[in-house]
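The values are calculated or read from the model by the stated rules, or taken from the named source; none is laboratory data. Note that the structure is a prediction, hence the values are computed from the model and not measured. So basically every Cβ, Gly included, is an ideal-geometry build from the backbone, and we count neighbours across all protein chains shown.
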Amino acid sequence: MSVLVLTVIILIGAYAAGLVGSLTGLGGAVVIIPLLTILLHVDIHYAIGAALVSVIATSSGSAVAYVRQGITNMRLGMFLEIATTSGAITGAVIAKYLPVKYIAILFGSVLIFSAIMSLRKKAGYINNEPSPLSQKLKLNSSYPAADNTEITYGVRNVAGGFVMMIFAGVMSGLLGIGSGALKVVAMDGIMRIPFKVSTTTSNFMIGVTAAASAVVYLQRGYIEPGLAMPVVIGVLLGAFTGSKILVHAQSNWLRYFFAVIVSILAVQMIYKGITGGI
């Protein structure tokens, strides 16, 4: 297979990954890594390095709109980045010593968790009872509603959310994904902030978390420009297309579609890890 043909295949695969990731809100890395490792037999460390670069690009582009709209809680995001970046660096260091088969099995397990998270019913509550710690750190905020009114909310269980963010960062650095599902669990489920705020703030944080991990992978030579370039371009184009389709698409069908695709990839990753096929 020539370099040109391989590049075109990667570009098409990355486009599909970015499209699916954009439609489901969990990013293209959860799709592109299995595609590279299972179908193209790319070493998983190089696949993770390329995926991290794509996560940085997509997060940086999409987060701007949410910040401009005033939905993202930037103060909360920057506070929690202390946890995720330290966890991401730790995860990237661990990846060097952890056998590839265990990384594949762990990745498959996280994919299954992401599929389950995509199907769960989103919480619609608004927490108006902030914790004393969140008041001290000034993490409580508000976001604009559809009728141009401001909806205020409080943040609870700051310590629990911080610990969960460390774990999310480790998974990001170890597996090369944004760990958006874990970040949403921390903010939506543990810290009890509105789902819309948790998803947009997670998007804001993902790029910084991936950048911390990417530094370690870059130093080890796992970020190959010839692989990362078509992955980034394809994921960006796919994410842009997905954002246009999302306006008219049925979200329920998208969640089911994502769950099926990711579950298939997860089973393949786990099987390959157990049998030593990666």
Exercise for the section: Write out, first by first residue and then by second, each pair whose Cβ atoms fall under 7 Å of each other, whose residues are 6+ apart or on separate chains, and whose first residue, in the stretch 177-189, is farther than 11 Å from residue 206 by Cβ while the second is outside any helix (DSSP H, G or I) and at pLDDT 75 or above. Expected result: 187/193
Problem - Residue check for residue 34: without any contact (Cβ under 8 Å) to a residue 60 or more places away in the chain and closer than 26 Å to residue 10 by Cβ - result: no
Handout entry: Filtered residues of the stretch 178-199 (kept if among the hydroxyl-bearing types (Ser, Thr, Tyr) and buried (at least 23 other Cβ atoms within 10 Å of the Cβ))
Key = 179, 198
Handout entry: The listed residue being in a helix (DSSP H, G or I) and at pLDDT below 80, out of 31, 53, 93
Key = 31
Practice task
Quickly run through the stretch 242-278 and pick out the residues that are modelled with pLDDT of 80 or more and among the polar types (S, T, N, Q).
Solution key: 263, 268, 275
Problem - Count - residues of the stretch 141-164 that are farther than 15 Å from residue 184 by Cα and part of a loop (DSSP other than H, G, I, E, B) - result: 6
Problem - Some residue of the stretch 175-195 being assigned to a strand (DSSP E or B), of a type outside the set (A, V, I, L, M) and either over 27 Å from residue 33 (Cα atoms) or in contact with a Lys or Arg (Cβ under 8 Å, 6 or more places away or on another chain) (or both) - result: no
Fill in the blank from the handout: Across the stretch 118-146, the tally of residues that are modelled with pLDDT under 75, within 24 Å of the chain's Cα centre (by Cα) and either within 18 Å of residue 80 (Cβ to Cβ) or surrounded by 18 or more Cβ atoms within 10 Å (Cβ to Cβ) (or both) stands at 1
Handout entry: residue 209 being polar (S, T, N, Q), at pLDDT below 85, within 16 Å of residue 29 (Cα to Cα) and within 16 Å of the chain's Cα centre (by Cα)
Key = yes
Fill in the blank from the handout: Listed by first then second residue, the pairs whose first member lies in the stretch 238-250 and is within 16 Å of residue 16 (Cβ to Cβ) and in a helix (DSSP H, G or I), whose partner is modelled with pLDDT of 70 or more and of a type in the set (Val, Ile, Thr), with beta carbons under 7 Å and at least 6 positions apart or on separate chains, are 239/58
Completion exercise
Among residues of the stretch 56-90 being assigned to a helix (DSSP H, G or I), among the polar types (S, T, N, Q) and farther than 17 Å from residue 176 by Cβ, the residue modelled with the highest pLDDT is 86
